[in-house]
There are 2 protein chains.
Amino acid sequence: QLCPLEGAPECENCSKVIRLLLYPIKCTVITADTSFSLTPEIPKGVVIQGNNSNPASEKFRRVRNWSITKYKYTKQALSEKLGRGSRTVDLDLEPRLELLKDDRQRYENVTSLAQTLASQLSQLTVTQKNLGDAFTELSVKTPTLHLEFGINADAQRFLSKSGETLTEAINAFTSDMNTLVNKTIEDTMINAKQYETVRIEYDAFRVDLEELNMGPRDAVTVPKLEQAQKDFQTQREKYEKIRDDLSVKVKLLEGNKVKVLRNQLWMLHGAFAAHSLSCQNFLEKNIQEAGEHLNNVSTDVPSFLEES
Amino acid sequence: QLCPLEGAPECENCSKVIRLLLYPIKCTVITADTSFSLTPEIPKGVVIQGNNSNPASEKFRRVRNWSITKYKYTKQALSEKLGRGSRTVDLDLEPRLELLKDDRQRYENVTSLAQTLASQLSQLTVTQKNLGDAFTELSVKTPTLHLEFGINADAQRFLSKSGETLTEAINAFTSDMNTLVNKTIEDTMINAKQYETVRIEYDAFRVDLEELNMGPRDAVTVPKLEQAQKDFQTQREKYEKIRDDLSVKVKLLEGNKVKVLRNQLWMLHGAFAAHSLSCQNFLEKNIQEAGEHLNNVSTDVPSFLEES
C-alpha cells in the first residue's frame, strides 16, 4: 500500500516542512523579521467528505487532518512560549494542578530524606549491635565492672533492636510515599499532560477562528469561517470533556492524598513515639535493676592502697 | 679527646663484632651447627678498678660494660625467642600485664565503635533537621494536613536537637576513653617495656652465672665466677626494683582504670537514658497536644464527593 504522501512534490522553498504538511501547499519563506511566524496558507476545503470510500484517500485525509492539527498545535505552543497570543486558562483547575506539581516535589523531597534517614538509622543499629557485643565481652571479662559494662551492653543491644523496628517503619512510610508520588499523583500528571495538549489544540482552533472572524467576509472566507467554527466546536467539546474529567480526578486525588498522607504521617510519628517509649521503658528498667544490684552487692572493690 | 676504641686492632675473623666488643678479644667463628651461639670469650679481669682516674679509660670501661650487657641481652632475647634457655616469670605481675594489654585492645575497639556511633548519629541529626524543615514547610502550605505535618516537623526537629546533645555526650566518652587508652595505659605500657628489657638483662646474667657454676672451679674460673656473682646481684637488684615499681604502678592503674571506666560507663548509659527520656516526654506531649487540637477543631474536611 502506497503512502498518501509518497510522490508528493516538495515545496521549492523549504521541502521538509512541506512534507509534514499538505500537498498542494505553498510555504511562506522564513525572513529575518517574521522568523517565528511560519504560517503556510491552509488550502481551501481541507475537509474531504465522508462519501470518499477509497481507503488510501481516507488514510490520506486522516494524515492530512492530523498534520493540520499538529501544525496548529506547534504554532500555538510556540506563540504561548514566546508570550504572544492568548491561551485559555481554567481558573479552578490550573492552580490546583500547579499546587499538585509543587506538592509532588515536596513529597519527593520528604520521601528522599526519609529514605536517607532509614539508611543512616540502619547503619547506626549495626554499630550499636557491635558496641553492645563489645560491652558484653568486657562485662564477662571484667568482674569489677561487670554491672557497668553489662548495663551498657543491654542498652546498646536494645536500642539496636528497637532502631531496626523504627527503620522498618520508616521504610514502610517511604514505600507508601513512593506509591503516592510515582503511581497515584503520576497517574493524574499524565492526564494533566494530555489535558494540556488538548487545551493547546483547542486554543489553536480558537485563535484561528478569531483571526478569520476579524478578516473580511466574502465568498472565499465564509466557507472557511464556517469550517473553522465547526472545528472550533469539536475541539471545544473535546477540551471541555477532558478538562471536566481531569477536574474530577484532581479533586478525588486531593481527597485521597489527604487521607493517605494523614494516615502515613500519624504512622510515622507513631513509629518514632513507640521507639522512644520502648527505649525509655527499657533504659529506666535497666537503671532500676542495676540500682537494686548495687544495693544488694557492694561492687566497690577496695582500692589497692586500701587493701595493703 | 680520642675515642677509646680508636686505633684498636680488629679481629682477624669478624672485625665488626669485635669493634663493638673488647680489645683484646678472640671471636668464635660462626659455623653451621652453632649458628646461634655466637659466644666470644670474655677476656679475663674485665672489671677495671675504680682507682683508674684516666677519663678516657673510664669512658672506655663504660662503653665496654655497655657492650657486654647489650651482647648478653641480645643473646638471651634470641634464645627466648627460639624457645631455648630459661626466663624469669613474675607470676603476679606478668598475667596482670597480659590482661592490661588485652583490655587495652578491647577499650580501643569500644572507643572506635563509639566514635563511629557518634559520627553516624551526627549525620542522622542533620537529616532529621532537614526532614523537620521540609515537614514545617508542608505544614504551612497544606491547611488540610497542617496538624499532621506540624506534629512530625516538631518531632523530627526535637529528635535532631536531642540527638546532637547525645552525640556530644558520646564524643565526651570517646575523648575520655582515648585519654585512658593512649595516655594512662600507654604510660604503664612504656614502663612494662622497660621492665621487659631489664628482665632479659637480668636473665642473661643469671644464665651466665648458672653456666659458670656448672663448670670446673680453678684459679681461672673462680675470679670469673665471683665477678659473675657480683654482676648477677647488681642486675637482680635492678630487676627487682623496676618490677616492684611496675607492680605498684599496674595495681594503681587497675584501680584508677576501674574508677574512670565506672564513671564513663554510667555517664554513657545516662546520656542514652536522658536522650530517650526527653524524646519520650516530648513526643508524648506532642501527641497529647495534637489530640486536644483534634478535639477542639474538627480537621476532617468533607471529601469532594461528600461536598457535591
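Assorted remarks:
- In nanometers and ordered shortest first, the copy-to-copy spacing of the A:GLU108 label point, defined 7 Å from Cα toward Cβ, is 4.8.
- Placing unit charges on the Cβ atoms only, positive for Lys and Arg and negative for Asp and Glu, gives the range A:53-139 a dipole magnitude near 1160 debye about its Cα centre.
- Listed pairs A:LYS183/A:LYS251; B:LYS70/B:LYS249; B:LYS193/B:LYS241; A:LYS72/A:LYS224 exceeding 19 Å between Cα atoms: B:LYS70/B:LYS249
- Long-range tail of P(r) for the range A:180-308 (Cα pairs > 17 Å, %): 76 percent
- The range B:116-225 - Debye-derived log10 I(q)/I(0), Cα point model, q = 0.16, 0.17, 0.23 Å⁻¹: -0.84, -0.88, -1.09
- Taking every alpha-carbon pair in the range A:93-298 and binning the separations at 5 Å intervals from zero gives 1, 7, 10, 11, 9, 8, 7, 7, 6, 5, 5, 4, 4, 3, 3, 2, 2, 2, 1, 1, 1, 0, 0 percent.
Laboratory data are not the source of any read-out in this text; all were calculated from the coordinates shown. This one's a predicted model, so the numbers in the text were calculated from it and none came from an experiment. FYI the Cβ positions are ideal-geometry reconstructions off the backbone, even for glycines, and counts take in every protein chain you see.
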